[in-house]
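Down below is the structure, laid out as structure tokens.
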Amino acid sequence: MVTVQRSMRIVIVGDGKMGRAVAALARGRGHTLHAVIGGAENAGGRALTAERLAGAEVAVEFTRPEAVVTNLERLVEAGIPTVTGTTGWQDDLSRVAELVERRGGALLHAANFSLGVHLFLRAAHDLAHRFAARAGFDAFILEEHHAAKLDAPSGTARQLQARMREADDARPFPITSVRAGATPGTHLVAYDGPYERVTLAHEARSRDGFAAGALAAAEWLPGHPGVHTVEDMLFGEGG
Ligand SMILES: NC(=O)c1ccc[n+]([C@@H]2O[C@H](COP(=O)([O-])OP(=O)(O)OC[C@H]3O[C@@H](n4cnc5c(N)ncnc54)[C@H](OP(=O)(O)O)[C@@H]3O)[C@@H](O)[C@H]2O)c1
């Protein structure tokens with residue numbers, strides 16, 4: 001077992017594939033699971049009470065697009081620093097962020113917790129910059145996820161598109177989403193020309209990479225008030 005500097009009391013909200021992966025890693029790193037709160041007991045966020053959360057130091061939330069906002073509101077109101085990896089709720093982010101700021105809380109959200117993806121996003125931005133003035137190439141994004149993933153395009157594909165548009169506002173970077181099979185997540189950028197194709201891709205091999213990133217965020221977040229992205233943690237604010 002790897003020993004951490006300080007064992008934390010962690011609440012896991014969402015007992016699905018990601019919640020279970022984070023719980024297993026947290027135990028392995030010597031943390032205590034204060035509670036694991038599943039969907040059956042938490043309709044409308046009703047299990048996230050001050051009594052149930054008392055003594056918890058941080059929460060990790062991986063649920064569903066229709067549940068996440070209420071869960072975050074409850075956790076922020078209870079004063080629990082919260083890490084969420086749930087995707088598909090970006091339209092509500094500003095409302096949740098306003099609540100976090102008003103309450104002096106701490107929230108870290110990421111559509112993708114893998115380190116490799118964040119380096120990939122930076123490399124894609126650089127690639128888009130290099131191709132910006134080159135006519136004769138069509139650029140597109142292709143993302144593939146397992147059949148049970150509910151949202152499309154993925155949050156990571158949207159981020160990828162935004163990053164590439166920052167570097168090249170003349171190309172739309174259309175996204176194609178595939179939902180099939182069991183893949184934990186693949187994102188590919190291609191520049192296709194008449195004689196050649198350039199591709200850059202990130203392929204997640206297992207959910208554990210996301211779970212490890214989410215747990216690292218949970219270890220980092222207490223003591224960092226405000227709303228953060230995983231990039232703030234990995235590269236420093238604005239880094
Ligand atoms: N950021 C990242 O790196 C990353 C990586 C992988 C996945 N994700 C995202 O994380 C989310 C979860 O993914 P997953 O693969 O774990 O999905 P999953 O296996 O379907 O698990 C979702 C779980 O959330 C539970 N749930 C639903 N409403 C709830 C509520 N109000 N309170 C507590 N639990 C609730 C569900 O329980 P019931 O079945 O009982 O409803 C289910 O067990 C998705 O949005 C996915 O896109 C993000």
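The values are calculated or read from the model by the stated rules, or taken from the named source; none is laboratory data. Treat the numbers as computed from the prediction; the structure is a model and nothing was measured. Cβ sites come from the backbone with ideal geometry, for glycine too, and all protein chains shown count toward neighbours. When the accessible area is computed, the model is the full protein with side chains, heavy atoms only, and any ligands, DNA or RNA have been set aside. Shrake-Rupley method; radii C 1.70, N 1.55, O 1.52, S 1.80 Å.
Of the listed residues Phe173, Phe137, the order by accessible area with a 1.4 Å probe, largest first, is Phe137, Phe173.
Using the alpha-carbon atoms, what tilt in degrees (0 to 90, nearest 10) does helix 155-167 show relative to the longest principal axis of the chain? Around 50 degrees separate the two axes. Just the number, please: percent antiparallel of the DSSP beta bridges in the chain, rounded to the nearest 5. Beta bridges within the chain, antiparallel portion: roughly 35 percent. If I fit a long axis through the Cα atoms of helix 208-220 and take the longest principal axis of the Cα atoms of the chain, what angle between them do I get, 0 to 90°, rounded to 10? That works out to roughly 60 degrees.
Given only helices, namely DSSP H runs of n ≥ 4 each adding -39500 (n - 2.57), what is the per-residue ellipticity at 222 nm of the chain, to the nearest 500 deg cm²/dmol? If you can, show how the numbers build up before the last one.
Values: 8 runs with 89 residues, N = 239.
Dividing the helical sum by the residues of the chain leaves -11500 deg cm²/dmol.
When the Cα convex hull of the chain is projected onto planes of every orientation, the mean area is 13.6 nm².
Using only Cα atoms, tell me the angle between helix 93-103 and the longest principal axis of the chain; keep it within 0 to 90° and round to the nearest 10. Long axis of 93-103 versus the principal axis of the chain: about 40 degrees.
Remark: the Leu99-Ser206 segment gains 35.2 nm on full extension, using 0.36 nm per residue and subtracting the alpha carbon distance. Amide H contacts for Thr82 (H built 1.01 Å from N in the peptide plane; partners 5 or more residues away or on another chain; cut-off under 5 Å): Ala59, Ala106, Leu107, Leu108. Along region 197-206 the Karplus relation, 6.51 cos²θ - 1.76 cosθ + 1.60 evaluated at θ = phi - 60°, assigns HN-Hα couplings of 9, 10, 10, 9, 9, 10, 10, 7, 8, 7 Hz to successive residues, with x for each Gly and Pro. Taking the square roots of 5 times each eigenvalue of the Cα gyration tensor of region 42-164, largest first, gives ellipsoid semi-axes of 34, 15, 12 Å.
Oblate is the label for region 131-239. Its Cα gyration tensor axes, ordered a ≥ b ≥ c, give a/c of at least 1.5 and b/c at or above a/b.
Just to confirm the filter: which GluC sites (Glu not before Pro) across region 182-239 are DSSP coil and have at most 14 other Cβ within 10 angstrom of their Cβ? Those that pass, being in a loop and sparsely packed, are Glu196, Glu237.
For the chain, what is the accessible area per residue in Å² when the probe is 1.4 Å?
Spelled out: the 1.4 Å probe surface of the chain, per residue, equals 48 Å².
When a/c is below 1.5 the answer is rounded, else prolate if a/b is larger than b/c, else oblate, so apply that to region 14-84 with a ≥ b ≥ c taken from the square roots of the Cα gyration tensor eigenvalues. Since a/c reaches 1.5 but b/c is at least a/b, the shape of region 14-84 is classed as oblate.
Protein-only accessible surface at a 1.4 angstrom probe places the residues Asp91, Asp208 in the order Asp91, Asp208, largest first. Of the accessible area of the chain, with the probe set at 1.4 angstrom, what percent is carbon plus sulfur? Reported share for carbon and sulfur atoms: 51 percent.
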